[in-house]
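K.L.:
Questions regarding the structure given below will be posed in turn.
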Amino acid sequence: MSEEPVPDLSTIRAAVELGCRAPSVHNTQPWLWLFDGARLRLRRDPDRQLGAADPHARQATISCGAVLDHVRTACAARRWDTGVTRLPDPADADLLATLTFRPWPDPPADLLDRAEAIPRRYTDRLPMTEPHGWDALHPALDRLATSHGLTLDVLTEDARPRLSHASEQAGSLRAYDPQYRAEIDWWTGNPGARDGIPPTAVASDSERARVGVARDFPASGPSARRGEQQDRARLAVLTSSDESPLSWLRTGEALSAVLLAGTAAGLSTCPLTHITELVSARRLLGGVIGHPGVPQVVVRIGTAPDPDRPAPTPRRPLTEVLREVP
């Protein structure tokens, strides 16, 4: 009996390198891929977990879910369908997924569009205008979230002040936590680093004030990009049915799909997790969405007024995130 075809190592390398453009909390990139010649395994890297902000590895797992979907999408663009087993070993909490492969001659067009959008996606922390084409895009984003077992709750405009208050409250609760602040300082504003958030990707105080719903990173300076534009991005919440590692992983997958679909439609996006870091904040946000479930990530989706995109944020070299194993 002939063996099932599998992608060669160069294909795996290309898909993983592209897929690792996925977003992660503070751009920590807390993932490691292992390829044994037939299967590709995703592990969470505990050395890159944020001890103060993420003691239960919730955000690290969401980040790994995002890279899982990115890599699967990149494989589809190379005409490989990926079967996935999530959390395959109950005794190994850091092993998050195992991928198997089969040829896929004709992936759906929307999936190929999302793959093409991977290099263009970035986190836009500046004020945006309303998302163009929203009425057509919204149902597609709903379907993507539902396919991963989540709901995408798009908030009404009158909920913006409540969410802005929740954002400020989340920042206030951590303002005097020295370990938390030290983590943010460590991962922010280091030019030339291979990870973390570079200065060019951080909003100034004036820019953040015009956004309203934003994480309180150390300010990058007096910049006033986008003039006096007030943020008019749509605010959406990815909500899971429960609180579990599997739900966190699926949240990241849904987040990836939503961000890439928004990018493919010519929009800008910004995932926010500071509002949902604390259980109390997730409960508060649950009152805003108005139905049972656990709010996991807030996403801003809008149109960037600027014609130019910022330089890509750094990524770790492939040799650090992909290993060949027996």
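K.L.:
Can residue 213 be described as within 28 Å of residue 97 (Cα to Cα) and either part of a strand (DSSP E or B) or at pLDDT below 90 (or both)?
P.N.:
No.
K.L.:
Filter the range 82-111 for residues that are hydrophobic (A, V, I, L, M, F, W, C) and under 11 Å from residue 72 (Cα atoms); which is surrounded by the most Cβ atoms within 10 Å (Cβ to Cβ)?
P.N.:
99
K.L.:
If you go through the range 76-83 one residue at a time, do you hit one that is within 26 Å of residue 4 (Cβ to Cβ), aromatic (Phe, Trp, Tyr), assigned by TED's automatic domain parsing to the domain that holds residue 43 and without any contact (Cβ under 8 Å) to a residue 60 or more places away in the chain?
P.N.:
No, every residue in the range 76-83 fails to be within 26 Å of residue 4 (Cβ to Cβ), aromatic (Phe, Trp, Tyr), assigned by TED's automatic domain parsing to the domain that holds residue 43 and without any contact (Cβ under 8 Å) to a residue 60 or more places away in the chain.
K.L.:
Moving on. For residue 224, state whether it is of a type in the set (A, V, I, L, M, F, W, C), over 25 Å from residue 60 (Cβ atoms) and in the same structural domain as residue 146 (by TED's automatic domain parsing).
P.N.:
Yes, satisfied.
K.L.:
Taking the range 1-32 on its own, how many of its residues are in contact with a Leu (Cβ under 6 Å, 6 or more places away or on another chain) and either in the same structural domain as residue 296 (by TED's automatic domain parsing) or closer than 16 Å to residue 253 by Cα (or both)?
P.N.:
1
K.L.:
In addition: Would you check if residue 47 is over 22 Å from residue 77 (Cα atoms), exposed (fewer than 15 other Cβ atoms within 10 Å of the Cβ) and of a type outside the set (Ser, Thr, Tyr)?
P.N.:
yes
K.L.:
Looking at 203, 261, 214 in this structure, which one is in contact with a Cys (Cβ under 9 Å, 6 or more places away or on another chain), among the hydrophobic types (A, V, I, L, M, F, W, C) and under 17 Å from residue 122 (Cα atoms)?
P.N.:
Only one candidate passes the filter, namely 214.
K.L.:
Now, a different point. With respect to residue 12, is the statement that it is surrounded by 21 or more Cβ atoms within 10 Å (Cβ to Cβ), in a helix (DSSP H, G or I) and more than 19 Å from the chain's Cα centre (by Cα) true?
P.N.:
Answer is yes for this residue.
The values are calculated or read from the model by the stated rules, or taken from the named source; none is laboratory data. Everything numeric here is computed off the predicted structure, so don't read it as measured data. In this analysis, Cβ positions are derived from the backbone assuming ideal geometry, glycine residues included, and neighbour counts consider all displayed protein chains.
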